[in-house]
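The values are calculated or read from the model by the stated rules, or taken from the named source; none is laboratory data. Everything numeric in this text was worked out from a predicted model, so none of it was measured. Please note: Cβ atoms are built from the backbone with ideal geometry, for glycine as well, and neighbour counts cover all protein chains shown. Each accessible area value is taken on the protein alone, full model and side chains, heavy atoms only, with ligands, DNA and RNA left out. Shrake-Rupley method; radii C 1.70, N 1.55, O 1.52, S 1.80 Å.
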Amino acid sequence: MNFLRVTLIRILYAAILLIAVLVLNFSLMHAAPGDVADTIAQAAGGIDAEALEQIRREYGLDQPFLVQLGRYIGNVLQFDLGYSYFYSDKVTNLILSRLPATLLLVISAQLLALVVGVVLGVFSARKPNGILSHFVTFLALFGYSAPVFWTGLLMLVVFSLMVPLFPVAGMRDVTIEGGFFVQALDIAHHLVLPMLTLASIFLALYSRLSRAAMMEVLGSDYVRTAKAKGLSPRQVVYKHALKNALSPVITLAGLQLSAVVSGAVLVETVFSWPGLGTLAFQSILARDTPLILGILFFSALVVIVGNLLTDLALRLVDPRVGGKR
Amino acid sequence: MSEPVTLPEEAPEQARHPFTEAWEMFRRNHAALVALVLLVLICVLAVIGPVLYGRDPYDMVWAPFTRPGENWDFILGTDYLGRDLLAMIISGARVSIIIGLSAAFVSIFIGVTVGALAGFYRGWVEEALMRFTEFFQVLPTLLFSMVIVALFGASLPMITFAIGVVSWTAVARITRAEFLRIRELEYVTASRASGARNAKLMFRVILPNALPPIIVQSALMVGSAILFEAGLSFLGLTDPNVVSWGQIIGSNRTYFLDASFTVTIPGVAIFVTVLCISLVGDGLNDALNPKLRAR
């Protein structure tokens, strides 16, 4: 099957999946006790029943469920996610204003985890009984077993409290003034601990997987051929084996997006990082329905698009993927 | 006269009970064995600990932020309200382990059902169920559970459901793969030919043989459910009437600059428990994975 057709089918699936997510989220919110009018009433410190009815009418909450659902989906398709009563701003504005901080955290943590994880995996695969290999096993166990918020707090205790190298919270220091470079340096300084914390979960995963994949590839026939024709071990490992060992790692990294979002919520909360995770947490506590729906939709969108891109990238790079379908 | 030839009393190849065999394999993994012993200890502590220790975790017994070792009546110190940390951790063990087990049970139940139906019936059933699984894979798990708990009330059953309903996809995929493999084997065909109906084929013939990887995954699920619950209760999305490990960390977090032990010590409890579970999972993998058996 040619690449274009596969791409189109995958995009169609992704779109259907996205609509299904919308329907589920909206139904969930609808089934929960209390609605937007109650939230507004609560924020206003209580209003009478008549005013409550008026608000319900204004926001179309008196309409049948299907009408409300249809209207919501229609709005989302026009990139209108509604209005947040808690923050008095459009949901899309809020999400877009918090997005850069989260992207910075998530992308840097993933890159770090991928690069360090693959390097550790490759080195330890070359010496399966070496110290490094045992270290990878230990790291994998720690990464799986330690709650990420606890790892974050430990980081803070060690690197902010005992050895005050890094700031305790936030993304920038308001007292620092200066040009772009100074500001960027300040943000990077704040980024170190949250990035390390978020990376710790995935570092374990990637190093373990890339070690396994590398060991499998190193035992395969074509690697023996490459060795037999006299290539240096370095060339065999980095030019021949690594390419094929990377494919499962990339697949896994793509599938981790949902876990990345979950991890980001906890890490952002620990470090008061002003991203989407903290926004989501606050919106849930404030029961700000349109904002909750918006963030749920947006994170599903990110995961779906991410999976789609991983899938398509693998199809382009690795001819073994996607013989079927 | 020559000695009569004695036959060995038991042929060494005689098949032993699968459990005996698995236990022999498990025992060889020393780390898993130690972890299992620790895990049993933790469970015993969770069950009888509150009775043995006898101090109410909600009682404000001493000055807040008493450091560990400062007063031997409160070995692990006291939290921001002056409650005994050790009593809270013992009491929290119950909640964490119960939620871990029951949430894992929920997700295994959903996962095995979905995976078994998809792998057994194939065709449009499989297609539909795998799309359904894919749908739950793209949901941002923690956010989704947070929403469920926040909107529908933070009771223990609701938290269990919220964790279970988002974490079954891996079980479903493993079960489906096993069913797809086993359903083509000869003994299944034989059993079908002798008139076994679908339900019997699925649950009496195929499922028992598909269990090993499901059991290993289930062990890991308990660990990740405990972590998940810890995350939720760290964020404050927990039943306010019970103590849990994550909740201790979450409620003391504001003061960790002054009293870091109030967040580090409960974390050790979570870490050790989940670590033991994953080591036992490794051991189960050795014991149940036939590929690794040297024969």
Task: Rough spin-label spacing in nm, given labels placed 7 Å along Cα→Cβ, for A:Val305 and B:Ser194 - done: 5.7
Open item on the list: With θ taken as phi - 60° and the coefficients 6.51, -1.76 and 1.60, list the Karplus ³J(HN,Hα) couplings across the stretch B:234-245 in order, rounded to whole Hz; mark glycine and proline as x.
Closed with: 4, 7, x, 8, 8, 5, x, 8, 10, 8, 9, 4
Task: Net charge of Cβ neighbours under 13 Å - reference B:Val205; Lys, Arg +1; Asp, Glu -1 - done: +2
TODO: Determine the sum of side-chain charges near A:Ile295: Lys and Arg each +1, Asp and Glu each -1, restricted to other residues whose C-beta is under 11 angstrom from that of A:Ile295.
DONE: 0
- [ ] Please give the net charge around B:Val125, taking every other residue with its beta carbon less than 14 angstrom from that of B:Val125, where Lys and Arg add +1 and Asp and Glu add -1.
- [x] +2
Open item on the list: Taking 30 Å as R0, compute the FRET efficiency from the Cβ-Cβ separation of A:Ser272 and A:Gln68 and round it to 0.05.
Closed with: 0.25
Open item on the list: Amide H of B:Arg83 versus every other amide H placed in the peptide plane: which residues, excluding those fewer than 5 positions away on the same chain, fall under 5 Å?
Closed with: B:Val61
Open item on the list: Averaged across A:275-281, how many Cβ atoms of other chains sit within 10 Å of each residue's Cβ atom?
Closed with: 2
Task: Dipole magnitude of the stretch A:101-322 about its Cα centre (Cβ charges: Lys, Arg +1; Asp, Glu -1), debye to nearest 20 - done: 1160
Open item on the list: Given points 7 Å out from each Cα along the Cα-Cβ axis, report the B:Phe19 to A:Gln54 separation in nanometres with one decimal.
Closed with: 7.1
Open item on the list: Which of rounded, prolate or oblate describes chain B when judged by the alpha-carbon gyration tensor and an a/c cut-off of 1.5?
Closed with: oblate
Open item on the list: Which order do the peptides A:125-136, A:63-74 come out in when sorted by mean C-beta neighbours inside 10 angstrom, highest first?
Closed with: A:125-136, A:63-74
TODO: Provide the buried accessible surface between chains A and B in square angstrom, both chains summed, 1.4 Å probe, rounded to the nearest 100.
DONE: 4100
Open item on the list: I'm checking a number: the convex hull volume of the Cα atoms of the protein assembly as shown, normalised per residue, in Å³. What is it?
Closed with: 260
- [ ] Would you calculate the volume per residue, in Å³, of the smallest convex hull containing every Cα atom of the stretch A:2-91?
- [x] 107
- [ ] Please give the average number of partner chain Cβ atoms lying within 10 Å of the Cβ of each residue in B:241-252, rounded to a whole number.
- [x] 1
TODO: Can you work out the accessible area per residue across chain B, with the rest of the protein chains kept in place, probe 1.4 Å, in square angstrom?
DONE: 49
TODO: Summarise the partner chain shielding of A:148-157 as one whole number: the mean count of Cβ atoms from other chains within 10 Å of each residue's Cβ.
DONE: 6
Open item on the list: Suppose R0 equals 51 Å. What FRET efficiency, 1/(1 + (r/R0)^6) with r the Cβ-Cβ distance, do A:Ser27 and A:Lys229 give to the nearest 0.05?
Closed with: 0.25
Task: Segments A:228-234, A:112-118, A:200-206, B:36-42 sorted - mean Cβ within 10 Å per residue, highest first - done: A:200-206, A:112-118, B:36-42, A:228-234
TODO: Name the long-range amide H neighbours of A:Asp89: under 5 Å, sequence gap of 5 or more, or other chain; modelled H, no Pro or chain starts.
DONE: A:Ser84
Open item on the list: Looking at chain B as a GNM with Cα springs under 10 Å, which of B:Val263, B:Val47, B:Val222 has the largest mean-square fluctuation?
Closed with: B:Val47
Open item on the list: Please check: in the Gaussian network model of chain A (C-alpha springs, under 10 Å), which one of A:Val119, A:Val182, A:Val217 has the largest mean-square fluctuation.
Closed with: A:Val182
Open item on the list: Under a crude label model (7 Å from the Cα following the beta-carbon direction), how far is B:Tyr255 from B:Tyr187 in nanometres?
Closed with: 6.0
Open item on the list: List the residues of the stretch A:8-50 for which accessible area in the full set of protein chains is at least 10 Å² lower than for the chain on its own; 1.4 Å probe, protein heavy atoms only.
Closed with: A:Arg10, A:Tyr13, A:Leu17, A:Ala20, A:Val21, A:Leu24, A:Asn25, A:Leu28, A:Met29, A:Ala31, A:Ala32, A:Pro33
TODO: Under 1.5 on a/c is rounded, so check that first for chain A, then, if it is not, pick prolate when a/b is larger than b/c and oblate when it is not; a ≥ b ≥ c are the square roots of the alpha carbon gyration tensor eigenvalues.
DONE: oblate
- [ ] Can you tell me how much longer the chain between A:Gln42 and A:Glu216 gets when fully stretched, taken as 0.36 nm per residue apart minus their C-alpha distance, in nm with one decimal?
- [x] 56.6 nm
TODO: Arrange the residues B:Phe135, A:Phe142 by how much accessible surface each exposes, largest first, with a 1.4 angstrom probe.
DONE: A:Phe142, B:Phe135
Task: Packing-based order for B:243-250, B:195-202, using average beta carbon neighbours within 10 Å, highest first - done: B:243-250, B:195-202
Task: Accessible area (Å², per residue) of the stretch A:2-91, counting only protein heavy atoms and a probe of 1.4 Å - done: 61
